[in-house]
Amino acid sequence: MVDVNAAQPFPFTFDPATTALVVIDMQRDFIEPGGFGETLGNDVSLLQAIVPTTAALLALCRAKEIMVIHTRECHRPDLSDLFAAKRDRGQPSLRIGDPGPMGRILVAGEDGAEIIPELSPMSGELVIDKPGKGAFYATPLTDQLRQNGITNLIFAGVTTEVCVQTTMREANDRGYNCLLIEDATESYFPAFKAATLEMVRAQGAIVGWTALFEQLEAAWND
Ligand code: TIU
């Protein structure tokens, strides 16, 4: 067992054999200029700051040989899995499915939908394509976790208050213990990240725990 005693709001204990890492949506469309994130009016440089920590987290989990899962928010080329309510939301300069500098925005198979090269999935790692914010909605994630006997999830990725928080809440309702790595997640809005960390761990870990990467690493190598 690993005891992350420095986790908030109190120690998080997990068995690596029943734990998976979930890296949410570290795609070019959210992190690089010219993608979906920027078309929504966001400063994508904020998100680039977590790439080194997320790479270190991936390396640690690979070294410990736990299950590693990557998600990608993207849609089928025919957009049959894109609700009008999602396509028409906001006032982006480009909408999902439109041609952009990295191919069609948030469409599977296009360059922008790929995970950034620094965090590329390795062979054998699960990649979940998801049409929604949460990684459980309309995906095979539940079955995959069940088949692998997973009961704990370590979370990283973007954005903290949108796809990461939604997935953590979905996981919470499906019985998983969730740990969010604070310096391996980011938002376009620093205040939203801070608020999300607070609301996840408030009320006695109502949604889950949070810890810094070095706190997880130190506990795991102890
Ligand atoms: N992956 C994810 O968070 N999708 C978003 O659209 N996030 C925003 O913050 N817009």
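The residues in segment 62-96 that are at pLDDT 95 or above, part of a loop (DSSP other than H, G, I, E, B) and small (Gly, Ala, Ser) can be counted, and the count is 1. Among the candidates 47, 21, 57, the residue that is open to solvent by less than 20 Å² (accessible area, probe 1.4 Å) and outside any helix (DSSP H, G or I) is uniquely 21. Go through the residues of segment 95-110 one by one and say whether even a single one is out of contact with any Phe, Trp or Tyr (no Cβ under 6 Å at 6 or more places or on another chain), within 14 Å of the ligand (Cβ to nearest atom) and open to solvent by 60 Å² or more (accessible area, probe 1.4 Å). Yes, that holds for at least one residue.
Within segment 115-137, track down each residue that is within 14 Å of the ligand (Cβ to nearest atom) and either open to solvent by 70 Å² or more (accessible area, probe 1.4 Å) or modelled with pLDDT under 95 (or both). Once the filter is applied, which keeps residues that are within 14 Å of the ligand (Cβ to nearest atom) and either open to solvent by 70 Å² or more (accessible area, probe 1.4 Å) or modelled with pLDDT under 95 (or both), segment 115-137 yields 133, 137. Every test in (1) in contact with an Asp or Glu (Cβ under 9 Å, 6 or more places away or on another chain); (2) more than 15 Å from the ligand (Cβ to nearest atom) is passed by residue 188 save one, and that test is (2). Of the residues that sit in segment 150-181 and are closer than 15 Å to residue 206 by Cα, among the charged types (D, E, K, R) and in contact with a Phe, Trp or Tyr (Cβ under 7 Å, 6 or more places away or on another chain), which one is nearest to the ligand (Cβ to nearest atom)? Among residues in segment 150-181 that are closer than 15 Å to residue 206 by Cα, among the charged types (D, E, K, R) and in contact with a Phe, Trp or Tyr (Cβ under 7 Å, 6 or more places away or on another chain), the one nearest to the ligand (Cβ to nearest atom) is 170.
Residue check: is residue 3 of a type outside the set (Val, Ile, Thr), in a strand (DSSP E or B) and either away from the ligand (no atom under 16 Å from the Cβ) or open to solvent by less than 60 Å² (accessible area, probe 1.4 Å) (or both)? Considered against the rule, which asks whether it is of a type outside the set (Val, Ile, Thr), in a strand (DSSP E or B) and either away from the ligand (no atom under 16 Å from the Cβ) or open to solvent by less than 60 Å² (accessible area, probe 1.4 Å) (or both), residue 3 comes out as yes.
In the condition set (1) surrounded by 18 or more Cβ atoms within 10 Å (Cβ to Cβ); (2) in contact (Cβ under 8 Å) with a residue 60 or more places away in the chain; (3) at negative phi, residue 205 is compliant with all but (3). Return yes or no: is residue 37 within 12 Å of the ligand (Cβ to nearest atom) and out of contact with any Asp or Glu (no Cβ under 8 Å at 6 or more places or on another chain)? When the stated conditions are applied, residue 37 does not pass them.
The values are calculated or read from the model by the stated rules, or taken from the named source; none is laboratory data. This one's a predicted model, so the numbers in the text were calculated from it and none came from an experiment. Counting neighbours? That spans all protein chains shown, and the Cβs are built from the backbone with ideal geometry, glycine included. SASA here: full protein model, heavy atoms, side chains in, ligands and nucleic acids out. Shrake-Rupley method; radii C 1.70, N 1.55, O 1.52, S 1.80 Å.
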